[in-house]
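Step one of this worksheet: look at the structure below.
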Amino acid sequence: MRLLVCGGAGFIGSNFVRMRVRDHGDEVVVLDKLTYAGRRENLADVEHVFVHAGIEDPGKVAEAVAGCDAIVNFAAETHVDRSIAEPDAFVTTHAQGTYVLLEAARHAEVRYLQVSTDEVYGSIEEGSFTEASPLQPSSPYSATKTGADLLVASYFHTYALETLICRGSNNYGPYQYPEKLIPLMILNALHADPLPVYGDGQQVRNWLHVEDFGRGIGHVLEHGEPGEVYNVGGPDECPNLEVVQRVIALTGASDELIQYVTDRPGHDRRYSLGSEKVRALGWEAQTHFTEGLERTVDWYRDNPAWWEPIRSGDYRAYYERQYGSQLR
Ligand SMILES: NC(=O)c1ccc[n+]([C@@H]2O[C@H](COP(=O)([O-])OP(=O)(O)OC[C@H]3O[C@@H](n4cnc5c(N)ncnc54)[C@H](O)[C@@H]3O)[C@@H](O)[C@H]2O)c1
C-alpha cells in the first residue's frame, strides 16, 4: 500500500510509519507541519517521502495524496495543558485540518482513518467505555478531537466516504515528547530533577504501548468496516502516582524527588476503554505495562542524542511556565 500519513513525524505517527515500512513494505508519504512535537529525527532511520505542510493547506494535501491508497491522520495538537492555555491551534488543526483531509480523501476516492482518543468519552468511575458510549469531552483538546470525529462520521453518512475511527487509550513508548507524563518522569528521574505530580496522583489511565496502537491502527485500516469506530485500549490500568513510583524503581532515583503540584483544571479522574470490537476483528495487545515501561525507560536511557536538544531548547520555557514556581 501507499499511505499518506499526516502527523507522521510525531510520537505515535513515527512509530506507525516505522512499523508499516518495516513489517508491511508500505510506501509512505509523511505530511507534517513540524510543530514543537514533530521532528524529522523521529524518522531518520525510515525510508519515506516527506512533505512539510499543515493539514489545513488544501493545495499541499491534494498534491501529497496523489497516488496514495489511503490517508491516516495523526496530525493534532496533543497536550491537554497547552489546550487550556492556548486553544486556537487545537481548533484550526482538529476542525479545519480534518475537514481539508476529508475533502482530499473524497476527491481522491481513498479510505480515510482518523486517529482519535479515549478522551472524547470523558471520565468514568467504574467499568469501561464502549464505542456506543456518549461523547462527553472535558478539555479544549478532547472537545476539538470529538468535533473532528463527528465530522469524519458525517463524511461516511453524507458522501459514503470509507471512513474509520480508532480511539486509543494513553500511549507510551519511544519518541514521545517529554511534556507527557512518562517521558517527563523518566528524564527528570535520570537527571535527579523534581517529579511534579498533579493533585493526589490518583488519576487512572489505561496504558497502551505505542506499537500495540500502531498495529491496531494498521489492522483497522486493512480489515475495519467503513463508517465504524474502534476503541483500542491498553491491557493495564495504573494511577499516575504508581506510574511515577515504578519509574523511580526502574531508574534508581530517590522517591524524595516527588513533588505534588496544583491539579490541572477539569482533570479527568479515570479513563478506561473496552476493546472487544477490535479484538473481534483480530487485534490483541501484546505488551503489558510492566514490560513496556521497562523497555521505554531503557530506550530513553540509551538515546540521549534524541532528547538532549529538546531538554535544552524551547521545552525549558514551557516547563518553567508549567511547573517552575511550584517546584522547590
Ligand atoms: N499520545 C497519546 O497517548 C494518544 C492517545 C490516543 C490518541 N492519540 C492521538 O494520536 C495522534 C498522535 O498523537 P501523538 O501523541 O503522536 O502526538 P504528537 O504531539 O507527538 O504528534 C503530533 C504530530 O502532528 C503534527 N501536527 C500538528 N499540527 C499539525 C498540522 N496542522 N498539520 C500537520 N501536522 C501537524 C506535529 O508536528 C506532530 O508531528 C493524535 O491525533 C492524538 O489525538 C494520542
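Taking neighbour Cβ counts within 10 Å as the exposure measure, how do Trp299, Trp207 sort from fewest upward? Before the final figure, lay out each step's value.
Working: Trp299 16, Trp207 26.
The most exposed by this proxy come first: Trp299, Trp207.
Counting other Cβ atoms within 10 Å as a rough exposure proxy, the listed residues His191, His219 run His191, His219 from fewest neighbours to most. Cβ-to-Cβ counts within 10 Å put Arg39, Arg295 in ascending order as Arg295, Arg39, the fewest first. Positive-end ranking of Ser325, Gln286, Gln245 along the dipole of the stretch 234-328, with charges on Cβ about the Cα centre, is headed by Ser325. The angle separating the long axis of helix 98-108 from the principal Cα axis of greatest extent in the chain is about 30 degrees.
The value for the stretch 59-139 of Rg(Cα) / (2.2 N^0.38 Å) is 1.31.
FRET efficiency for the Glu109 to Leu34 pair, using the beta carbon distance and R₀ = 25 Å, is estimated at 0.30. Proximity of backbone amide H atoms, modeled 1.01 Å from N, is registered between Glu162 and Tyr112 at under 5 Å, excluding neighbours fewer than 5 places apart on the same chain.
Estimated purely from DSSP H runs of n ≥ 4, each contributing -39500 (n - 2.57), the mean residue ellipticity at 222 nm for the chain is -12000 deg cm²/dmol once divided by its residues.
Under the convention that each Lys and Arg Cβ holds +1 and each Asp and Glu Cβ holds -1, the size of the dipole of the chain around its Cα centre is about 380 debye. Using a simple spin-label model with pseudo-atoms 7 Å out from Cα toward Cβ, Glu63 and Arg321 lie 3.2 nm apart. Look at the dipole of the stretch 216-285 built from charges on Cβ: of Leu273, Gly218, Tyr260, the Cα furthest out on the positive end belongs to Tyr260. Helix 210-223 and the longest principal axis of the C-alpha atoms of the chain enclose an angle of approximately 20°.
Karplus-derived 3J(HN,Hα) values for the stretch 276-285, using 6.51 cos²θ - 1.76 cosθ + 1.60 with θ = phi - 60°, are 4, 5, 6, 5, 5, 7, x, 9, 9, 5 Hz; glycine and proline are entered as x.
Projected onto their three principal axes, the Cα atoms of the chain cover extents of 57, 41, 36 Å, largest first. The C-alpha atoms of the chain define a longest principal axis, and helix 181-190 lies at about 40 degrees to it. Each residue, Asp302 and Val91, gets one label point 7 Å from its Cα in the Cβ direction; the gap between the two is 4.5 nm.
Each value in this text was obtained by applying a stated rule to the coordinates, not by laboratory testing. Computed from a predicted structure; not experimentally measured. Virtual Cβ from ideal backbone geometry, glycine too; neighbours counted across all protein chains shown.
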